[in-house]
Number of protein chains: 2
Amino acid sequence: MIIDCHGHQTLTPDSHMEFRAAQLARLENRTLPRPVPERASDDEIREIIENNQLKYIKERGGDITIFSPRASGMQHHVGDAETLIDWSHACNDLIHRVTQLFPDNFIGVGMLPQRPDAPLDDAIAELERCVNELDFVGFNVNPDPSGGKWTAPSLTDRYWYPLYEKLVEHEVPAMIHVSSSCHPTIHATGSFYIAADTNAFMQFIQGDLFKDFPDLKLIIPHGGGAVPYHWGRYRGLADMLKQPPLDGHVMQNVYFDTCVYHQPGIDLLFRVIDVENILFGSEMVGAVRGIDPETGHHFDDTKRYIDALDIPAEHKAKVFEGNARRVYPRLDRLLKARGK
Amino acid sequence: MIIDCHGHQTLTPDSHMEFRAAQLARLENRTLPRPVPERASDDEIREIIENNQLKYIKERGGDITIFSPRASGMQHHVGDAETLIDWSHACNDLIHRVTQLFPDNFIGVGMLPQRPDAPLDDAIAELERCVNELDFVGFNVNPDPSGGKWTAPSLTDRYWYPLYEKLVEHEVPAMIHVSSSCHPTIHATGSFYIAADTNAFMQFIQGDLFKDFPDLKLIIPHGGGAVPYHWGRYRGLADMLKQPPLDGHVMQNVYFDTCVYHQPGIDLLFRVIDVENILFGSEMVGAVRGIDPETGHHFDDTKRYIDALDIPAEHKAKVFEGNARRVYPRLDRLLKARGK
C-alpha cells in the first residue's frame, strides 16, 4: 500500500471560497452578517477530486492520501477568533466530506484555529472535534501563526504543552506547517515553508521537548527543509550548544516527508536520514504543478524518485506504508478495521 | 592556489569589542561621548590571527581567505546612522589591518552601513572608501538589515540599484549575508542565515534583476541555503511563475560557496550545480567550530570534502581558485601583480 502523508485540498468548491470571501468582507465591514458556509453538492466535491488529486493518485500508483486543508489558505494571521474558528470548521468539514466520499483514498488531517499571541484553547477544542466527530488522524500545527512575524514562542516552549498533551492523548501526530507569508518579499512555497521547516528543527535542537513528550510525533515537511543538506551543520551546532547527538535528542520523535522534487535531493535524504524517519509525501496537487522537462514527469511525482532508489524493498515498504502506520496509529487502526 | 571565499573575523582584539560596548552604552545614554576605537597593537592582531584562522589555513592546506567582518556582529538593525557608520569603519579598518599584516593570506571584503528603511548612500560611501583606500575586493550585502523583520524591498527592487551600479562599476561582487536575528526563536547560524540564502534565490527567480545588471556577481553563501537540495522545486517554481529556466535567468550571475559541513551535502551540491558556479568556502572560524566525531576532522574543514570528490582535477582547480579569480577581478589583479 502507498500512503502519501502530505496532500492538501488546494482545489475546492466555489461555495467554499465564496464563504471565505464573505468572511474577509465582514472583517472590513462588521455590519455584514456572520457568514455561514453553503453546503457544496457531493457531485461538485467528487468532480474536483476525481479530476485532480484522485486522478494523479491513480496515475502514479498510489492508494491513500493523508489529506488536510490548503496550507497557504489557513491564514491564522487573518481576522479574529470567530473568523478563524468558523474558517477552521469549514475547511475541516470539507476534508471530512472528501474522506466520506472517497474512504479508500483519503484520510483526514485538520487545521487548527491557532490565533497569533493567544492561548491554544480554540485549537484544542477543534482538535477534539476533529478526532471525535470527523475521524481525523493528525493535525497541521503552525509554528508561526503570525504569518512571518515570528511572534510565537519556540515549539519547545511550555506555551505549546497543552496542545502536545492532547496530541499524545489522542495518538495523533502533527505536521509542522506554516501558512501564507505576510511579507511580500518572502514567497510562501519557495521560501517561507522551507525556512519554517528548518527553523522547527533548529528549535528542537536547542530545546529538550522530547524529554517531556517522549511519545509526541512531529513531521517536518518538504524533506525537512534545509536540514538533510546541512546535516553536518546541525550535528555540529548540537555539539557546540552542548546538546546530545541528534539521533537520540530529536530523531526519535521527528519525521521528514519526501516532498523533494528531484532525484539528487531524494538520494541525499535517504543517504543522510534513517529510513525509519522518512514518510512518503508528494504535496500533490500543491506548490509545484508542472512537468519537469528533464524527466517528462511531474516534479511532484515523488514516488518515481523513491522507486528509483537502490535500497532494499523492505525499506521502500517502510517509507510508503509502514512508517506512516506507525506514526499515525489511528490511520493504522482504521486500515486494520477495513482488513488492510 | 586555494582561495577560501568565505571567512569572517570572528575573533577580534579586546579594544574592538570595548568600542562596540561603548557604542551600545551610548545608544542607552546619549550624554556619553561618541566613542572612538582604540588602535589595537599589531602584535595583538597578529597573535589572534596566527592562533586561529591562519593556523587552520596552514593545517588544512589553504592559501588565501577572502576576509570580512563577523557577520552576526554587523547588526545593521542596532542604532542610528552615526553608530552604524562608525561601526562599519571600525570593522572594515580592522580587516584592512589583517590584510596588511598578512598580505599573502588575507584579502579584504567589507561590511556596509545599510540602515533599515533608509537609502543606500552611507553604504555606497563606505563601499567607495573600502575599494579606493583599503583595496577591498568585494562586499557583504545584507538583504534584511532589519534583522528578521524583512522590511527591505526584494533584492530585485530598484531600491538596490544604486548599490548594484557601484558594485559593477568597481568590479566587486557581493555576498548576500544577513547578520544576527532579532527573533529569539530564530537561531542566527542555524536558521536565519540559511533562510535568507534561500530567500535571496527565490527573489532572483521572481524578478528580472540580471537583465538590468548582466555584469553583477552575487554569491549566496552556506552552499546556497536550501536551494541545491530543493533544486527541482526551484526549477518547477520558475516554470510555474513563467520565468525562464534557472541556468540563463539566475545562474549566469549567482554563485554558491561550499560551506556545507558533511560529505553528502557537498556531493549533492556538485551533482546539481554547475562547477562554474561553485566557490570554495569554509566560513572558518565560524558557525560550527567542533570536530565531527564521525570523521575526526573539523566540520568546517570543507576542503576535505572537495578533495574527496570524484571529479576532474581541473574542476577542483576552478572551485579552489579559478572561479574566485573570475568572480573577484580585483583579487585576480592583486594576485597577478604579485606574480601569482
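The values are calculated or read from the model by the stated rules, or taken from the named source; none is laboratory data. Because the structure is a prediction, the values reported are computed rather than measured. Positions of Cβ are generated from backbone atoms using ideal geometry, with glycine treated the same way; all protein chains shown enter the neighbour counts. Heads up: the accessible areas ignore ligands, DNA and RNA and are worked out on the full protein's heavy atoms, side chains in. Shrake-Rupley method; radii C 1.70, N 1.55, O 1.52, S 1.80 Å.
Here are the numbers for the structure shown:
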| read-out | value |
| --- | --- |
| Compactness index (Cα Rg / 2.2 N^0.38 Å), the stretch B:1-42 | 1.64 |
| Accessible area of the protein assembly as shown belonging to carbon and sulfur atoms, whole % at 1.4 Å probe | 49 |
| Inter-copy separations for A:Glu169, label at 7 Å along Cα-Cβ, nm, ascending | 6.6 |
| Sites B:Glu276 and B:Ala81, calculated FRET efficiency, Cβ-Cβ separation with R0 56 Å, nearest 0.05 | 0.90 |
| Shape category assigned to the stretch A:245-340 from the gyration tensor of Cα positions, a/c cut at 1.5 | oblate |
| Whole-Hz ³J(HN,Hα) from phi, Karplus 6.51 cos²θ - 1.76 cosθ + 1.60, for the stretch A:301-311, glycine and proline x | 7, 6, 4, 4, 5, 6, 3, 7, 5, 8, 10 |
| Relative contact order of chain B, pairs being alpha-carbon contacts under 8 Å that are 6 or more residues apart, as % | 17 |
| Semi-axis lengths (Å, descending) of the ellipsoid that matches the C-alpha gyration tensor of chain B | 29, 25, 19 |
| Solvent-free Debye scattering, log10 I(q)/I(0), computed from the Cα coordinates of the protein assembly as shown at q = 0.10 Å⁻¹ | -0.94 |
| Averaged over A:260-272, number of beta-carbon atoms from partner chains that fall within 10 Å | 6 |
| Entries in B:Lys166/B:Lys340; B:Lys149/B:Lys211; A:Lys242/B:Lys55; A:Lys149/B:Lys149; B:Lys55/B:Lys303 that, when Cα-Cα distance is taken, lie over 18 Å | B:Lys166/B:Lys340; B:Lys149/B:Lys211; A:Lys242/B:Lys55 |
| At 0.692 mPa s and 37 °C, Stokes diffusion of the stretch B:73-142 via Kirkwood alpha-carbon radius, µm² per second | 270 |
| Amide hydrogen neighbours beyond the local backbone of B:Ile219, cut-off 5 Å, H modeled | B:Ala174, B:Met175, B:Ile176, B:Tyr255 |
| 10 Å binning of all Cα-Cα separations within the stretch A:87-210, expressed as whole percents from 0 upward | 13, 42, 35, 11, 0 |
| Inter-copy separations for A:Leu11, label at 7 Å along Cα-Cβ, nm, ascending | 6.0 |
| Fluctuation leader among A:Arg39, A:Arg304, A:Arg97 - chain A, Gaussian network, Cα springs under 10 angstrom | A:Arg39 |
| Peptide B:146-159 - average C-beta neighbours from other chains (10 Å radius) | 2 |
| log₁₀ of I(q)/I(0) at q = 0.15, 0.18 Å⁻¹ - the stretch A:164-290, Debye sum with one point per alpha carbon | -0.73, -1.03 |
| Zero-based 5 Å bins, Cα pair distances in the stretch B:1-127, whole percents | 2, 11, 20, 22, 18, 13, 8, 4, 1, 0, 0 |
| Per residue, the convex hull volume that the Cα atoms of the stretch A:218-267 enclose (Å³) | 72 |
| Copy-to-copy label separations for A:Asp121, where each label sits 7 Å from Cα toward Cβ, in nm and ascending | 5.4 |
| Selected from A:Lys149, A:Lys242, A:Lys318 as most flexible by GNM, with chain A as the system and alpha-carbon contacts under 10 Å | A:Lys242 |
| A versus B: buried accessible surface, summed, Å² (probe 1.4 Å, to nearest 100) | 4500 |
| Under 17 Å from A:Lys336, Cα to Cα: lysines that are on another chain or at least 8 residues apart | A:Lys318 |
| Charge context of A:Trp150, other residues only, Cβ under 15 angstrom, K/R +1, D/E -1 | -3 |
| The stretch A:227-234 - phi-based ³J(HN,Hα) in whole Hz, Karplus 6.51/-1.76/1.60, Gly and Pro as x | 5, x, 5, 10, 3, x, 4, 6 |
| 10 Å Cβ neighbours from other chains, averaged over peptide A:240-252 | 1 |
| Candidates A:Val36, A:Val168, A:Val109: whichever shows maximal mean-square fluctuation once chain A is modelled as a Gaussian network with Cα springs under 10 Å | A:Val36 |
| Helix-derived mean residue ellipticity, 222 nm - over chain B, DSSP H n ≥ 4, -39500 (n - 2.57), to 500 | -12500 deg cm²/dmol |
| Burial ranking of peptide ranges A:333-339, B:223-229, B:202-208 (average Cβ count within 10 Å, highest at the top) | B:223-229, B:202-208, A:333-339 |
| Surrounding net charge for A:Arg271, when Lys and Arg each add one and Asp and Glu each subtract one, Cβ distance under 13 Å | -3 |
